[in-house]
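Values in this text are rule-based calculations from the coordinates and carry no lab data. Owing to the predicted nature of the structure, the values given are computational and were not obtained by experimental measurement. Glycine also receives a Cβ, built like all others from the backbone with ideal geometry; neighbour counts cover every protein chain displayed.
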Amino acid sequence: MKFEVKRITSGPKHHLFGFHDLVQTNAKGDLALSLEVDDISHPPLPGEICRSGVVPAEGGEFMPIHTTHTWNYPQGARQQWIGDSDLFVCNDRELDGHLFSWICDAREGKAIDKLPFPIHCLNAQIGKAFYFNYDRIHAMGGYGYTPGVAGKIKKVGDVPVDDGVFIGDMKSGKSELLVSIKELSSCGEPHPINTGMPQYATHGMLNPSGTRLCFVHRYRVKDGGDIDRIMTVDVDGRNLRCIGKGFLSHFTWLDDETIFIWGENQRALCALRESPYLRIPGVLQMALLAKKAIRVARNFRSHGYSRKDVAVNKSQGKAFSLIRDVTEYNIQKVALGVLTEDGHPMCRPGGEWFVVNDTYPDKYGDRTLMFYDVKNNRRIDIGKFHMLFEKPDINSFDWRASMSGIDPRVLKQFNRDDYLFYRSGFHCDLHPRWSHDGTVAYFDSIHEGARQVYAVNYTC
C-alpha cells in the first residue's frame, strides 16, 4: 500500500476539524469541513469565537461561512454534513447562553437557517438529531463548551431525571429527552449507581444504518478517576442496554451490531470503586495505595514481553475489543500484540471492517497514524507526526475563565496545568476520520508548527 500525505489547509491561521466519529467531506467529495482560529495557546474563553467553513477537499483557501462561540479542540463544533447534500450543521450559542445549531449551505457560502438545539450526531433520512447537555459536560470536566459571556451554567443534580440524551426533530424544531441520567444509572445494575459524584452522557455515535445510538455514560468516583459504561439505545428510546463497564474509551461501529473499542471490561473492580465505604475517612487512602500496588505488579509482570509474547500470553490488560450489541457484556479482545495502546479509530464507510486509527504521543512525542484491517488482523502504519511541546502561559490569558462553570468537586481532582494544556490547541490528537466515500483519510496535526488539516491518499 502506498501513501501520499498532503496538507489541505494553510497558515498563518490554524485549522481543525475535531473528533474521529464524523466524515469530513461532502458526498460529491470536493469540499471538506473545517474550523479556523487565530490563537491555539489556550482553551476557548467565554465569548471567544472561531470561524466555521469549508476548504477544497484537495487543498486550498479556507472559506468562512459563519462564526461560532461553541467549540473545543478535541471535538470541534460538531460540524457535519446533512446526508448527501451540501448542507451542514454547526453548533453555536445565543448571547443569553442558549445552545443552538446553524444550518449552512456550503455552495452558497452562508447560513440559511437555525435549529433551536445543538447537535452531536444526526440521521438525515429520518430528520432526527441527537445531542447532550454540553454545559453539563463542561461542568463535569468533559468535552463541553465554555460558558458564554454570561458565564452561567444551570445547576443540576448528580443523577437528574430531566437531563441525559436528547432527540431533536430537524423539521419541526421540537426536542425532547430520549434517555435520562436517572434511567442510565439503573440500567443493567442491581442497584442505581450513586457515587456522590456527578454523572453525564457523552460521545454519541449512530450505527451505519442510523437505527441505534451508542454513547458513554460516565461518572467520577471518590478515587479521583472515572468509570465508563457503554450504552446503546434505539433511536426511538427503546431497548436501552449497557454493553460494557470499566475503563472503556474510544470506539467506532464496524457494522450495525459490532463495536470496536479500546479499554477493559472491569465490572468487579467498578463495584469496589463505587462502594459507599470509600467515603469513610481512611478507607479511600488505603484503596488508592492498593490500586497503585496492583498497577506496579501488572507492569512488573508485563515487563520484557515482546508483541508476540503479549499475543500468546494475553497479558495485555487494556486492549481493543469487539462488543456485540445483541446481549449484555458480549466482549472479545482482538489485535493483541498488534494494537497495544489507546487510539481514535473510525471504520471506513461502506463496511469491510477497515479502520483508520492513531496513537497518543510516545516518549519521543511522536503519534503514529495507521490503517487496521480487523478481519485479517493486519496493521499498516502510515507515518509518525510529532507533537508540539509548548504549554499554555497562564500569565497570557484568563485561565480561571476557561475553567469557569466546572463543578467544584470535579475541579479538586484536576491538575490545573494539565487541564489547560489538554484543552488548548497545543494538544493535538490526530483524530483520523474518513471522507464520505471512504477513499481518503483526514487528520489534524501540529507537526509543522501550526495546527492544520491533512489528507491521506492511498493506493493498494
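Here are the numbers:
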read-out	value
Test set (1) of a type outside the set (Gly, Ala, Ser); (2) assigned to a strand (DSSP E or B); (3) within 19 Å of Glu183 (Cβ to Cβ) - Glu264 fails condition number	(3)
Test for Glu36: is it over 22 Å from the mean Cα position of the chain (by Cα) and not hydroxyl-bearing (Ser, Thr, Tyr)	no
Those strands (runs of 3 or more DSSP E) lying entirely in the range 55-115 with at least 2 residues of a type in the set (Phe, Trp, Tyr) and closer than 22 Å to Phe166 by Cβ	99-105
Extreme residue, nearest to Thr439 (Cα to Cα), among residues of the range 32-49 that are surrounded by 23 or more Cβ atoms within 10 Å (Cβ to Cβ) and among the hydrophobic types (A, V, I, L, M, F, W, C)	Ala32
Whichever residue in the range 381-402 is in contact (Cβ under 8 Å) with a residue 60 or more places away in the chain and among the aliphatic types (A, V, I, L, M) and, among such residues, is nearest to Leu369 (Cα to Cα)	Ile382
Residue within the range 371-381 that is in a strand (DSSP E or B), over 19 Å from the mean Cα position of the chain (by Cα) and of a type in the set (Lys, Arg) present	yes
Of the criteria (1) crowded, with 16+ Cβ neighbours inside 10 Å; (2) more than 17 Å from Ser404 (Cα to Cα), which one Trp71 fails	(2)
For Ile126: the one exception among (1) in a loop (DSSP other than H, G, I, E, B); (2) closer than 23 Å to Leu45 by Cα	(2)
Selection within the range 235-257 - over 21 Å from Leu22 (Cβ atoms) and assigned to a strand (DSSP E or B)	Arg241, Cys242, Ile243, Gly244, Lys245, Gly246, Phe247
Yes/no for Leu420 being touching a residue at least 40 places away in the same chain (Cβ under 8 Å), closer than 20 Å to Gly18 by Cα and not in a strand (DSSP E or B)	yes
Within the range 379-403, tally of residues that are closer than 30 Å to Gly157 by Cβ and either among the aliphatic types (A, V, I, L, M) or crowded, with 16+ Cβ neighbours inside 10 Å (or both)	4
Whichever residue in the range 171-230 is part of a loop (DSSP other than H, G, I, E, B) and in contact with a Cys (Cβ under 6 Å, 6 or more places away or on another chain) and, among such residues, is nearest to Tyr143 (Cα to Cα)	Cys187
Every pair of residues 6+ apart whose Cβ atoms lie under 8 Å, when the first sits in the range 163-174 and is over 24 Å from Val216 (Cα atoms) while the second is assigned to a loop (DSSP other than H, G, I, E, B) and small (Gly, Ala, Ser)	Lys171/Gly127
Yes/no for Lys6 being more than 27 Å from Gly350 (Cβ to Cβ), surrounded by fewer than 19 Cβ atoms within 10 Å (Cβ to Cβ), of a type in the set (Lys, Arg) and in contact (Cβ under 8 Å) with a residue 40 or more places away in the chain	no
In the range 101-140, residue nearest to Gly225 (Cα to Cα) [restricted to those that are among the β-branched types (Val, Ile, Thr) and surrounded by fewer than 16 Cβ atoms within 10 Å (Cβ to Cβ)]	Ile126
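For every residue, the table says whether it meets (1) over 15 Å from Glu176 (Cβ atoms); (2) out of contact with any helix residue (DSSP H, G or I) (no Cβ under 7 Å at 6 or more places or on another chain).
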residue	(1), (2)
Gly109	yes, yes
Ile112	yes, yes
Leu115	no, yes
Met140	yes, no
